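Before any comments, here is the structure.
The values are calculated or read from the model by the stated rules, or taken from the named source; none is laboratory data. Being a predicted model, the structure only gives us computed values, none of them experimental. Using ideal geometry, Cβ is built from the backbone for each residue, glycine included, and neighbour counts are taken over all protein chains shown. Ligands, DNA and RNA are stripped out before the accessible areas are found, and what is left, the full protein with its side chains, is counted by its heavy atoms. Shrake-Rupley method; radii C 1.70, N 1.55, O 1.52, S 1.80 Å.
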Amino acid sequence: GLLSPGDMGHAVGRMIGGHGLRVITCLQGRSERTRGLAAEAGIEEVASYGELVAEAQLILSIVVPAQAVAVAERVAAAIGENRPSANRVVTYADCNAIAPQTARDIERIITDAGARFVDAGIIGPPPRPGARTRFYASGVHTEAMLALNNRGLDVVDLHGPSGQASGF
């Protein structure tokens, strides 16, 4: 799952989609420009946040930093209303340029809803051939992000607590 397919997000979605993963997004309240970027990148739209959390194993939040908490709250509410089955847990990766304390606040929102959390930071331009984009990840559940190393992304585990990647 990808929130939101803007300038950086659609490039990330295109890259991992081009490496064999199904990439989905919920575009409720999003602009026509964002809708166009999602379509251009081959990102599939689902009807609701509930459908997103029901279908996604990993949700990457790549939004304007000022919206990071609100997006996490929307996803947490959807998780609460559409709890995945006991044998499947959703992992939410906040990949936004936020303060370490904000990352820890989002971690609490997401884990209280019953999902796993990864703190991540993106360094570099949007991923594309010839461009180096690196994701730094921290927290307990970084393995979900590390799986994207074989899917067109460069992910480095900082082996630290949540907040470390955001601070990095």
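What region 13-168 shows is 48 Å² of accessible area per residue, with the surface traced by a 1.4 Å probe over protein heavy atoms. Cβ-Cβ distance of Ala131 and Gln101, R₀ of 45 Å, FRET efficiency by 1/(1 + (r/R0)^6): the value works out to about 0.90. Shape class of the chain from the alpha-carbon gyration tensor: rounded, with the ratio a/c of largest to smallest axis under 1.5. Surface composition of region 17-168: carbon and sulfur atoms hold 50% of the protein heavy-atom accessible area at a 1.4 Å probe. Membrane-span-like helices of the chain, defined as complete DSSP H segments with a Cα extent of 27 Å or more along the helix axis and a mean Kyte hydropathy of at least -0.5, are absent.
Could you tell me whether region 126-168 comes out rounded, prolate or oblate from its Cα gyration tensor? Rule is a ≥ b ≥ c as square roots of the eigenvalues, rounded for a/c under 1.5, then prolate if a/b exceeds b/c, otherwise oblate. Working shown, then result.
On the way: a/c = 3.57, a/b = 1.65, b/c = 2.16.
Because a/c hits 1.5 or more and a/b fails to exceed b/c, region 126-168 counts as oblate.
With each label modelled as a point 7 angstrom along the Cα→C-beta vector, the Arg108-Asn82 pair spans 2.7 nm.
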